[in-house]
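Peer 1: Below: one structure in structure tokens.
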Amino acid sequence: MLALAAGISAPAAFAQPPADHPPGEHGERGGSGMRGDRVKQLTEALGLTEEQVAKIKPIVAEEGAAMKAIFDDKSLERDARREKLKAVRESFAPKYEAILTPEQKAKFEKMKSMRGPGGPRADRKGEDKK
């Protein structure tokens, strides 16, 4: 399964700030700051060329907008939101992979596999109860 940016941006894109966290302190979900971080993270992790960065920026922006729309839909239950986000990541993976070299694709796959089912925070449930 292609979980696109899963291991790539999941901690930054999916981490939920505490309820008392002022909005915008570290960037809004899907805001240009988060997309900029995503491009930087992909560039560093995959060793993207300037040409690849130019091609990836609009993909990151489009994916960010799609994910923001899902986060903003307050009618979605947590599991439904998770499934929709997963579907977005999977639908964008081929767009990213089309730009990558075979070596970069291997790194990208490894990054995605680090995410695991349920996201990067799935194993943290109840960690405060130790």
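The values are calculated or read from the model by the stated rules, or taken from the named source; none is laboratory data. These numbers were taken from a predicted model, which means no experiment stands behind them. Glycine gets a Cβ as well: all are built from the backbone with ideal geometry, and neighbour counts include every protein chain shown.
Peer 1: Exactly one of (1) buried (at least 17 other Cβ atoms within 10 Å of the Cβ); (2) of a type outside the set (Asp, Glu); (3) modelled with pLDDT of 55 or more; (4) outside any helix (DSSP H, G or I) is unmet by residue 70. Its number?
Peer 2: (4)
Peer 1: Contact list please: Cβ distance under 9 Å, first residue in the range 25-52 and more than 15 Å from residue 107 (Cβ to Cβ) and among the hydroxyl-bearing types (Ser, Thr, Tyr), second residue assigned to a helix (DSSP H, G or I) and at pLDDT 90 or above, pairs at least six apart or on different chains.
Peer 2: Within 9 Å, the pairs are 32/61; 32/64.
Peer 1: Condition check: at pLDDT 50 or above and at positive phi. Does residue 47 satisfy that?
Peer 2: In short, yes.
Peer 1: Here's something else I'd like to know. For the range 73-117, which residues satisfy the criterion of being crowded, with 17+ Cβ neighbours inside 10 Å and in a loop (DSSP other than H, G, I, E, B)?
Peer 2: Within the range 73-117, 99, 100, 115 meet the criteria.
Peer 1: If residue 54 satisfies every condition in (1) surrounded by 13 or more Cβ atoms within 10 Å (Cβ to Cβ); (2) assigned to a helix (DSSP H, G or I); (3) modelled with pLDDT of 95 or more but one, which is the exception?
Peer 2: Tallying (1) surrounded by 13 or more Cβ atoms within 10 Å (Cβ to Cβ); (2) assigned to a helix (DSSP H, G or I); (3) modelled with pLDDT of 95 or more, residue 54 fails exactly one: (1).
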